[in-house]
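Written below as C-alpha cells is the structure these notes are about.
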Amino acid sequence: MTKSELIEVVAAKAPNFPKRDVEIIVNTMFDTMTVALQQHERIEIRGFGSFVARERRARDGRNPRTGEKVSVPHKWVPFFTAGKELRERVDNSSHPLAKDTDDDSDEIQAAPRPAAPAISAAPGEAKG
Amino acid sequence: MTKAEIIKAVNEKIGFSKRDSAEIVELVFDTMKETLERGQKIKISGFGNFVVREKRPRIGRNPQTGEEIEISARRVLTFKPSQVLKSALNG
C-alpha cells in the first residue's frame with residue numbers, strides 16, 4: 001500500500017470528506033510527525049507504536065567493500081517500535097504474507113552488499 | 001507528541017474542525033493497522049516503509065538461568081525510514 005492508496009481507502013471510509021481533504025490531512029500528519037522527530041521529540045500513538053530520534057555519535061568506520069577508512073559523522077536516526085496492539089495483531093494474523101515484489105523505488109539505493117544466499121528458493125530453481 | 005497533538009496540528013494548520021480532524025486521523029491509523037495485520041507493507045514516500053517480516057523459530061537462552069528455550073516463529077513489524085526522513089533529521 002502506498003500513501004495514495006492509503007488516502008483512497010480512508011476516503012472510501014469517510015464518504016462525507018472529499019478525497020482532496022483526506023489527502024491534505026494525511027500529508028499534514030506525516031509532515032507534523034517529521035517536524036517532531038526533527039526536534040528530537042518522541043511520538044507515541046497508542047495502539048500503533050512510537051517513533052524516536054536516537055543520537056549516533058561520530059565514529060571511524062570502514063568502507064566494507066574497499067577497507068578504506070571513512071569518518072562517519074554524528075547524526076540522528078529515526079526508529080519505530082510497534083505498540084502492543086499492533087504487534088499482537090501482526091503476529092496473530094493468519095493472512096498470508098503479501099509477496100514483496102516491488103523495488104522500494106522511492107528509496108535511494110545503498111551501496112550493494114555482497115549477495116546473501118537465497119533463503120529456501122523453490123527446489124531445483126537455483127542452479128550453480 | 002501524542003495522537004491528540006497530531007489531531008491538534010491538523011486542526012490548527014489546515015483549519016479542519018477538531019471533530020473532523022480526529023475522525024480522519026483515527027481512520028488513517030486504523031487503516032494502517034488493518035493493512036499491516038493483513039501482512040501487507042505500507043510505503044509512505046518521504047517518510048518510510050512499514051514492512052511485516054516472518055521470523056523463523058530459533059533457540060534463545062534465558063539470560064538469568066542460561067536455560068535454552070525455543071523462540072517460536074513469529075511475524076514482526078519493521079520500519080525502514082526513508083532517505084528523506086533521515087536527511088530531515090540531520091538538516
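The values are calculated or read from the model by the stated rules, or taken from the named source; none is laboratory data. The structure presented is a predicted model; accordingly, all values stated were derived computationally and were not measured. So basically every Cβ, Gly included, is an ideal-geometry build from the backbone, and we count neighbours across all protein chains shown. Side chains included, ligands, DNA and RNA excluded: accessible areas come from the protein's heavy atoms. Shrake-Rupley method; radii C 1.70, N 1.55, O 1.52, S 1.80 Å.
Residue-by-condition table, conditions (1) at the interface with chain A (Cβ under 9 Å from one of its Cβ atoms); (2) not β-branched (Val, Ile, Thr):
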residue: B:Thr2; (1), (2): yes, no
residue: B:Ile6; (1), (2): yes, no
residue: B:Ala22; (1), (2): no, yes
residue: B:Asp30; (1), (2): yes, yes
residue: B:Arg38; (1), (2): yes, yes
residue: B:Val52; (1), (2): yes, no
residue: B:Ile59; (1), (2): no, no
residue: B:Asn62; (1), (2): no, yes
residue: B:Glu68; (1), (2): no, yes
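Being surrounded by 19 or more Cβ atoms within 10 Å (Cβ to Cβ) and in a strand (DSSP E or B) is the requirement here; does B:Phe16 meet it? Break it down stepwise before answering.
On the way: surrounded by 19 or more Cβ atoms within 10 Å (Cβ to Cβ): yes; in a strand (DSSP E or B): no.
Answer is no for this residue.
Consider region A:2-26 and keep the residues that are of a type in the set (Lys, Arg) and more than 9 Å from every other protein chain (Cβ to nearest Cβ). The one that is least open to solvent (accessible area, probe 1.4 Å) is A:Lys19.
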